[in-house]
1. Of all the helices (runs of 4 or more DSSP H) wholly in the range 202-291, which have at least 3 residues that are under 17 Å from the mean Cα position of the chain (by Cα) and modelled with pLDDT of 90 or more?
2. Quick one: which helices (runs of 4 or more DSSP H) lie wholly within the range 1-74 and hold at least 1 residues that are touching a residue at least 24 places away in the same chain (Cβ under 8 Å) and hydroxyl-bearing (S, T, Y)?
3. Please determine, by comparing only the residues of the range 37-89 that are of a type outside the set (A, V, I, L, M, F, W, C) and under 17 Å from the mean Cα position of the chain (by Cα), which one is farthest from I123 (Cα to Cα).
4. All but one of (1) over 16 Å from N234 (Cα atoms); (2) in contact (Cβ under 8 Å) with a residue 12 or more places away in the chain hold for V290; which doesn't?
5. Can you tell me which condition D68 does not meet? The list is (1) buried (at least 24 other Cβ atoms within 10 Å of the Cβ); (2) under 30 Å from Y206 (Cβ atoms), and all the others hold.
6. Restricting the range 25-49 to residues that are surrounded by 18 or more Cβ atoms within 10 Å (Cβ to Cβ) and not aliphatic (A, V, I, L, M), which is nearest to A197 (Cα to Cα)?
7. Quick one: in the range 292-306, of everything that is out of contact with any Phe, Trp or Tyr (no Cβ under 8 Å at 6 or more places or on another chain) and in a loop (DSSP other than H, G, I, E, B), which residue is surrounded by the most Cβ atoms within 10 Å (Cβ to Cβ)?
8. Does the range 249-271 hold any residues that are free of Cβ contacts under 8 Å to residues at least 24 places away in the same chain and of a type outside the set (K, R), and which are they?
Amino acid sequence: MRGFLGLTKRNLLLFFKDKQSIIFSLLTSMIVLALYLLFLKDTFVNAMDSAMNQFPSLSSLIDKNDKDMFANLILLTGILGSAMITVPYNCLITLVKDRENKVDYDILATPLKRGQIIFSYFISAALSSVILTSIILAIGLGVIGMQGDIYLGIGEILKAFGVVALGSISATSIFMIVVLFFKSVSASGAFFGMLSAASGFIIGAYIPISQFSESVQTVCNIFPASQITIVLRNVLINGLLEHMNTSLAGVDHGMFVTIIKELFSFKARIFDGYLDVTQMLGYISVSILVCIVVQIIVYSKTYKKT
């Protein structure tokens, strides 16, 4: 156990000492924020206005601050969704560096079993990503909370941190398998470039997934990252939508909130059906367990002293 904890601590320290790696892991989230400030906020607000236009009498019943708060929370889920992809991946670069620098020779010579070695990399990367994404969530909620009521109780806030932790662990378990096939930092960096470019679209940070065709929606929602973003969207925004629904006092028979949830993908569409929050959490949990088993098998067969 001492050797396992020592290797885990060593991996954690190596990552947090590399400030550039931390900054680059947050790059996609910064891009989402920049695009939001430039034009995405207006796009989100206009989408809500178009939904309101279907019920002309609603305009005077929904406060402008609530619409702005909705757009801000959509932004936060987009930033966190991107971070839960890019941060876990960068936290695993230590493993690639060890292979490139032949440090794996020394690690494999220790009494640690191979399953313990690979699990140590997984634990350290998961902890690193949970810490960073939780900090982003805390800062985001703090900044948005200063602009008005976000209609979140202590329970919902704790759930949000739990979802972020689950998303970070899920992404780490998947990318652990991917990085095992990289033997150089340059190769992993090239993959990270493609990952950063695609992540914002996969989770619906730039354009709601509902705006894509059914087949594209299915492809996006097969990835646990997309589903965890949808779960987070439900946790962070349902309180605000319930407040809006109360403000409408049944004038629209609940249709406005229903349209908003369909427009901004509050359920994951896969093929001809939809997954609710409970089903998505089950899907994500199973994917984590499967990936942990696969990474141990892959490590045993491909990560050797040869």
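The values are calculated or read from the model by the stated rules, or taken from the named source; none is laboratory data. In this text, all values refer to a predicted model and were calculated from it rather than measured experimentally. Every residue, glycine as well, gets a Cβ built from its backbone with ideal geometry; the counts of neighbours run over all protein chains shown.
1. Filter on the range 202-291 gives 214-222, 224-248.
2. Correct list: 2-17, 19-25, 27-35.
3. The extreme case among them is N72.
4. Among (1) over 16 Å from N234 (Cα atoms); (2) in contact (Cβ under 8 Å) with a residue 12 or more places away in the chain, the lone unmet condition for V290 is (2).
5. Only one criterion is unmet by D68, namely (1).
6. Step by step, filter the range 25-49, then rank; the result is T28.
7. Y303
8. G250, H253, G254, V257, T258
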